[in-house]
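One structure is given here, and the rest of the page talks about it.
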Amino acid sequence: MKGYKLTLGQKQAIGNTTFGKNQYFNPVQDIKGDWFIFEKEMKHIIINGAFKNAVEAEFISPIVETL
């Protein structure tokens with residue numbers, strides 16, 4: 001799955017802030033510990049002129065154990 005890799009500073013700058021009515025930026029960590037956002041969130045960041053140089057990268061979901 002493709003996503004946009006963020007630095008820790010970028011993640012902290014947008015984490016839990018709104019980009020629309022009842023819509024929040026919610027960066028997620030991949031299995032390697034890198035932070036990502038996805039297409040819908042990225043479109044709103046670009047509209048606001050921030051993070052124009054964010055890199056598209058492969059997001060590898062962390063393994064979730066079920067009981």
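Every read-out reported here was derived from the displayed coordinates using simple, explicitly stated rules and does not represent laboratory data. Source: prediction; values computed, not measured. Positions of Cβ are generated from backbone atoms using ideal geometry, with glycine treated the same way; all protein chains shown enter the neighbour counts.
How would you rank 14-26, 33-45, highest first, on the average number of other Cβ atoms within 10 Å across their residues? Let's see the in-between values first.
On the way: 14-26: 11.7, 33-45: 16.7.
Output ranking for 14-26, 33-45: 33-45, 14-26.
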Pairwise Lys count, the chain - Cα closer than 13 Å, eight or more residues apart or different chains: 4
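For the chain, what does -39500 (n - 2.57) per DSSP helix run (n ≥ 4), summed and divided by total residues, give at 222 nm, in deg cm²/dmol to the nearest 500?
Numbers: 2 runs with 16 residues, N = 67.
The helix contribution divided over the chain gives -6500 deg cm²/dmol.
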Evaluated over the chain, the Cα radius of gyration and Dmax, each in Å: 12.3, 44
